[in-house]
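Remarks on the structure that follows.
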Amino acid sequence: MLPALETALPTLLMWGVIGYLLGSIPFGMVITRAFGLGNLREIGSGNIGTTNVLRTGSKAAAAATLFLDGGKGAAAVLLARALAGEDAAQLAGLLAFVGHCFPVWLRFKGGKGVATFLGLLLAIAWPVGIACCMTWLALALLQRISSLAALCAAVAAPIWCLVLGYPSTVALSIVLTLVIFWRHKDNIARLLAGTEPKIGQK
């Protein structure tokens, strides 16, 4: 259920810090500023992720945010794996996800972590990442509700890990799923009330 712990503790801690710092880069805010779209905190839900960037009306800005938020999770994993080991890769990926959700630069008020979650899973175990991306895409196309698609992809992640033969990623995927549900608690309340906005709705 966990990768073998082979990396020295100081090195693990170093990669945890590197992962957190990579994950804490608020690309959504940087992109909207660069595109001249204003302060993302004052748009839509005020969230720094792709769905809220899309509410600016710029699909290009949303696509760039999706790519960069996913990329920082993948980068943390791939760098740690190449220079340390699988245990460091999982820790760096987890901390990149935490950094996105709770960035120190924004007083720990970050995004909901979906793009970073998908990006790091693609790097940790690409079949699992692809399966989760397809789960998200299928629900997003069917229901047009980003949060519902994200929650379903998160629930599916540990299942896909087992089905596709990646048992050492199950514990990581469960932790990620729990945090995603916590970050989406307001969305869950709106889903239950039938008031959750659809993708692209301002």
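Going through LEU172, LEU178 one at a time, which residue ends up being within 17 Å of LEU91 (Cβ to Cβ), open to solvent by 70 Å² or more (accessible area, probe 1.4 Å) and of a type in the set (A, V, I, L, M)?
On the way: LEU172 fails: open to solvent by 70 Å² or more (accessible area, probe 1.4 Å).
The conditions single out LEU178.
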Checked pairs for the stretch 8-35, first free of Cβ contacts under 8 Å to residues at least 40 places away in the same chain and within 21 Å of ALA80 (Cα to Cα), second in a helix (DSSP H, G or I) and of a type outside the set (Phe, Trp, Tyr), C-beta under 9 Å and 6 or more apart or across chains, list as LEU13/LEU91; MET14/ALA88
Scanning the stretch 67-86 for residues that are at pLDDT below 95 and closer than 11 Å to PRO3 by Cβ gives GLY85, GLU86
A careful count of residues in the stretch 35-73 that are of a type in the set (A, V, I, L, M, F, W, C), in a helix (DSSP H, G or I), farther than 20 Å from ALA96 by Cα and open to solvent by 40 Å² or more (accessible area, probe 1.4 Å) gives 2
Could you say whether any residue in the stretch 14-33 is among the hydroxyl-bearing types (Ser, Thr, Tyr), surrounded by fewer than 20 Cβ atoms within 10 Å (Cβ to Cβ) and at negative phi? no
Scanning the stretch 181-200 for residues that are touching a residue at least 60 places away in the same chain (Cβ under 8 Å) and open to solvent by 20 Å² or more (accessible area, probe 1.4 Å) gives ARG183, ILE199, GLY200
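Given the options GLY93, GLY57, GLY71, GLY49, name the one that is on the phi > 0 side of the Ramachandran plot and of a type outside the set (Ser, Thr, Tyr).
On the way: GLY93 fails: on the phi > 0 side of the Ramachandran plot; GLY71 fails: on the phi > 0 side of the Ramachandran plot; GLY49 fails: on the phi > 0 side of the Ramachandran plot.
Going through GLY93, GLY57, GLY71, GLY49 in turn, the sole match is GLY57.
Kindly indicate whether any position in the stretch 156-179 is on the phi > 0 side of the Ramachandran plot and touching a residue at least 40 places away in the same chain (Cβ under 8 Å). Can you show your working first?
Residues of the stretch 156-179 that are on the phi > 0 side of the Ramachandran plot, as a first pass: 165.
Restricting the remaining residues to those that are touching a residue at least 40 places away in the same chain (Cβ under 8 Å) gives none.
The answer is no, given that none of the residues of the stretch 156-179 is on the phi > 0 side of the Ramachandran plot and touching a residue at least 40 places away in the same chain (Cβ under 8 Å).
So, GLY44, is that one under 26 Å from ALA80 (Cα atoms) and in contact (Cβ under 8 Å) with a residue 60 or more places away in the chain or not?
Working: under 26 Å from ALA80 (Cα atoms): no; in contact (Cβ under 8 Å) with a residue 60 or more places away in the chain: yes.
So GLY44 fails the test.
The values are calculated or read from the model by the stated rules, or taken from the named source; none is laboratory data. Only a predicted model underlies this, so the values are computations on that prediction, with no experimental measurement involved. Cβ: placed from backbone, ideal geometry, glycine included. Neighbour counts: every protein chain shown. Side chains are part of the model used for accessible areas, which takes the heavy atoms of the whole protein and leaves out ligands, DNA and RNA. Shrake-Rupley method; radii C 1.70, N 1.55, O 1.52, S 1.80 Å.
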